[in-house]
Amino acid sequence: MKRMDPVRTIDNAFFWDAAEAERLDIQACEACDVLWHPPRPMCPKCHSTELSPRTMSGKGKLYSWCMPIHPPAWGFEEPPIVALIDLDEGVRIVSNLVGVDPEAITNDMPVRVDFTETAKSKVPVFTSTDAGGAE
Ligand SMILES: [Zn+2]
């Protein structure tokens, strides 16, 4: 069983293209230098439409997480760990935490991006840099 492919839109296509190439790109405003996620057609701070993707380090910290058990998540053999990740660059993103024992999860745990396959693509996930996630 594989995860569902991401749903592409005009605004988020760059994000999924980058993920397929195993890059974590985040939208940035050329006018005021703000980063944000998820992608949208206009800067949330200055309303500029001069936007461009920036490649992130892929490093961050775990802000919060949950493990939805019921109903079962479609496309997952085990319940996924849904995580809020604060990237080192200052953006918070929703992703999954993988390769980590749920009992070992702690607030502010250092994490790094990894990529997992979907039916026809790839999506970013995060893993601990402490628990066997060394580079
Ligand atoms: Zn702006």
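The values are calculated or read from the model by the stated rules, or taken from the named source; none is laboratory data. Predicted model only: the values in this text are computed from it and were never measured. As a convention, Cβ positions derive from the backbone with ideal geometry for all residues, glycine included, and neighbour counts pool all protein chains shown. These accessible areas exclude ligands, DNA and RNA; they are computed on the full protein's heavy atoms, side chains included. Shrake-Rupley method; radii C 1.70, N 1.55, O 1.52, S 1.80 Å.
With all protein chains in place and a 1.4 Å probe, the accessible surface of the range 13-128 carries 51 percent carbon and sulfur. Once both labels are positioned 7 Å from their Cα atoms along Cα-to-Cβ, the gap between Thr55 and Met4 label points is 3.0 nm. Peptides 100-108, 112-120 ordered by packing proxy, namely the average of other Cβ atoms within 10 Å per residue, highest first: 112-120, 100-108.
What's the magnitude of the charge dipole for the range 45-135 around its Cα centre, counting Lys and Arg as +1 and Asp and Glu as -1 at the beta-carbon? Answer in Debye, nearest 20. All intermediate terms of the calculation are to be shown ahead of the outcome.
Details: 8 positive and 13 negative charges, 85 e Å.
Value, rounded to 20: 400 debye.
When the helices of the chain are scored as -39500 (n - 2.57) per DSSP H run of n ≥ 4 and the total is divided over every residue, the value at 222 nm lands at -1500 deg cm²/dmol.
Below 8 Å, C-alpha to C-alpha, sequence gap of six or more: please give me the relative contact order for the chain in percent. Spell out each step's value before the answer.
Numbers: 268 pairs, mean separation 33.8, N = 135.
Over the chain, the number comes to 25 percent.
Relative to the compact-globule estimate of 2.2 N^0.38 Å, the Cα radius of gyration of the range 72-135 comes out at 1.12.
Could you pull out every one of the aspartates and glutamates with an alpha carbon less than 18 Å from that of Lys122, ignoring same-chain neighbours closer than 8 positions? Lys122 reaches Asp5, Asp11, Asp17, Glu20, Glu22, Asp25, Glu77, Asp114. Histogrammed with a bin width of 5 Å, the alpha carbon distances of the range 13-128 distribute as 2, 12, 20, 21, 19, 14, 8, 4, 1 percent, first bin at zero.
Report the FRET efficiency, 1/(1 + (r/R0)^6), for Lys45 and Glu22, where r is their Cβ-Cβ distance and R0 is 25 Å, rounded to 0.05.
Working: r = 29 Å, r/R0 = 1.17.
Computed FRET efficiency for Lys45 and Glu22: 0.30.
Mean-square fluctuations from a GNM of the chain, with a 10 angstrom spring cutoff on Cα atoms, peak among Pro80, Pro53, Pro72 at Pro72.
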